[in-house]
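Here the structure is laid out as C-alpha cells; the discussion comes afterwards.
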Amino acid sequence: MRFSTLLTLAASLAAVSATPAPAPSSALVARSGDGFTEIAKRSGCGSSGPLGTGHFVWFIDVSCTPGAQKSCQATDATGCLPGNPNKIGSMEVDDPNDTFQIAKKSNTNTVTFICPSGGQVRCQANFNDNDDGPGYSLRVF
C-alpha cells in the first residue's frame, strides 16, 4: 500500500512540474517616461489608465499586425472618449525600444500610423504639464 501511495505522489509531482506556467497577463501597462512608474489599471474601451501624476511622458507598448493602419490615442480618464488636446504637447508612435519614430503629431489626442514589420509599437503622450496624466488613458485601435 505504501508503494502505491508513493507512486501516486511521484506521478502527481511530475504532472505538476510538467504543467506550463500561466501566460503573462495581456493587460496593458502604462509607464511613465522614465519607466519607473507603472500603472496596470484598465479603463474602458481597451484603454490603460487613468495615468498618474509627476510625469510629462506616458506610454504603452502594444502588438499590432504589420502593415495595418492603427491609431494611438490619449483618451479621457474613462478610456472611451478622446482626451482634451489642449493639455497634450504631442502624440507619438515609436518602436518599443524608443530608437526610431514611426509617427508624431503636435497638439492633438490622436496620431495614425502603419504598424511596422516588427509588429510592436510604443504609443506615447507628451503632456504640457507633469500633473495632467490623471485626466487621461492611452489606447491603440
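The values are calculated or read from the model by the stated rules, or taken from the named source; none is laboratory data. Computed from a predicted model, the values in this text were never measured in an experiment. Ideal geometry is used to build each Cβ from the backbone, glycine not excepted, and the neighbour counts take in all protein chains shown. Remember, those area values only see protein heavy atoms, side chains included, never the ligands or the DNA or RNA. Shrake-Rupley method; radii C 1.70, N 1.55, O 1.52, S 1.80 Å.
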Q) Are any of the residues in segment 53-72 on the phi > 0 side of the Ramachandran plot, modelled with pLDDT of 95 or more and open to solvent by 20 Å² or more (accessible area, probe 1.4 Å)? A) yes
Q: Pull up segment 73-87, narrow it to residues that are open to solvent by less than 60 Å² (accessible area, probe 1.4 Å) and over 19 Å from Asp34 (Cβ atoms), then point me to the one that is farthest from the chain's Cα centre (by Cα).
A: Pro85
Q: Check whether at least one residue in segment 105-126 is open to solvent by 70 Å² or more (accessible area, probe 1.4 Å), without any contact (Cβ under 8 Å) to a residue 60 or more places away in the chain and of a type in the set (Phe, Trp, Tyr), and report yes or no.
A: no
Q.
As an exercise: evaluate Thr99 against (1) more than 17 Å from Arg139 (Cβ to Cβ); (2) in a strand (DSSP E or B); (3) open to solvent by 80 Å² or more (accessible area, probe 1.4 Å) and give the number of the one condition it does not meet.
A. (2)
